[in-house]
1. Give the number of residues within segment 40-82 that are in contact (Cβ under 8 Å) with a residue 60 or more places away in the chain and not polar (S, T, N, Q).
2. Which one of Ile126, Ile50 is closer than 22 Å to Phe9 by Cβ, surrounded by 12 or more Cβ atoms within 10 Å (Cβ to Cβ) and modelled with pLDDT under 85?
3. Please state which of the following conditions Ala8 fails to meet, knowing it meets all the rest: (1) over 12 Å from the mean Cα position of the chain (by Cα); (2) under 17 Å from Phe139 (Cα atoms); (3) modelled with pLDDT of 85 or more.
4. Condition check: of a type outside the set (D, E, K, R), in contact with a Leu (Cβ under 7 Å, 6 or more places away or on another chain) and not in a helix (DSSP H, G or I). Does Pro44 satisfy that?
5. Considering each residue of segment 64-92, count those that are within 23 Å of Gly42 (Cα to Cα) and in a strand (DSSP E or B), and give that number.
6. Return a yes/no flag: does segment 62-70 have any residue that is more than 23 Å from Tyr127 (Cβ to Cβ), surrounded by 13 or more Cβ atoms within 10 Å (Cβ to Cβ) and over 16 Å from the mean Cα position of the chain (by Cα).
7. Could you give every pair whose Cβ atoms fall below 9 Å, whose first residue belongs to segment 83-95 and is within 11 Å of Leu52 (Cβ to Cβ) and in contact (Cβ under 8 Å) with a residue 12 or more places away in the chain, and whose second residue is basic (Lys, Arg) and surrounded by fewer than 16 Cβ atoms within 10 Å (Cβ to Cβ), counting only separations of at least 6 or pairs across chains?
8. Taking the criterion of being out of contact with any Lys or Arg (no Cβ under 7 Å at 6 or more places or on another chain), at pLDDT 90 or above, assigned to a helix (DSSP H, G or I) and not β-branched (Val, Ile, Thr), would at least one residue in segment 93-106 satisfy it?
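The values are calculated or read from the model by the stated rules, or taken from the named source; none is laboratory data. What you are looking at is a predicted structure, and each value in this text was computed from that prediction instead of being measured. Virtual Cβ from ideal backbone geometry, glycine too; neighbours counted across all protein chains shown.
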Amino acid sequence: MASGLGIAFCGNNLHVSSVVLHAEVSQPADVEKCLQRLGSAGTPRRGKSIGLMFACVGRGHRFYNGTVGVESSIFKRLYPGVPLFGFFGNGEIGYNFPLSTDSRRASEDMEAGRGDDGDGTFMPQIYHSFTTIFVLMRFDS
C-alpha cells in the first residue's frame, strides 16, 4: 500500500488547476504546452494568485542536459507576477485538474488509477514518480 501526504485546496472564492508533467515531458516546448493548461482556472491575477511546484529529484538540471530551472522559468514566463513555491521530493502526489474533456488525455489522467469504485465514480491516478506537479491557485474577492 502506498503512503504519502497530500493537501487539498478548496473554497468559495478559490479557483484551482493542476497539471502533471510525466517522464515523457522532457523538452521545453512540451513543458510549455502542459503548463498552458493551468490557465483553465482563469487568468491569474497579480497579488491574488500563487503557484506550487512539486518536482521529482530526478527532474533537475541533469534531466534537461545541464540546464537549470527549465520548468520553473517556463512557468514564470507564462504567469509573470505569480509567485512560485515548491520543492523536490521522492514521489509526487497530484493529478490533472480539471480532468480533461479530451477523451485521450482523460484516459491518461485515469491510467493506473483506482477505476470504477462500483458507484460510477472514477479516481484518477494520484501517486507518481519522475514527474513534476504544478498547481495554480487564484483567489477572488
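1. Matching residues across segment 40-82 total 15.
2. None of the others qualify; the one that does is Ile126.
3. Exception for Ala8: condition (3).
4. So Pro44 fits the description; yes.
5. Adding up the residues that qualify gives 3.
6. yes
7. Close Cβ pairs (under 9 Å, with a partner that is basic (Lys, Arg) and surrounded by fewer than 16 Cβ atoms within 10 Å (Cβ to Cβ)) amount to Leu84/Lys76.
8. Of all residues in segment 93-106, those out of contact with any Lys or Arg (no Cβ under 7 Å at 6 or more places or on another chain) come to 93-106.
Now narrow it down to the ones that are at pLDDT 90 or above: none.
Checking segment 93-106: not a single residue is out of contact with any Lys or Arg (no Cβ under 7 Å at 6 or more places or on another chain), at pLDDT 90 or above, assigned to a helix (DSSP H, G or I) and not β-branched (Val, Ile, Thr).
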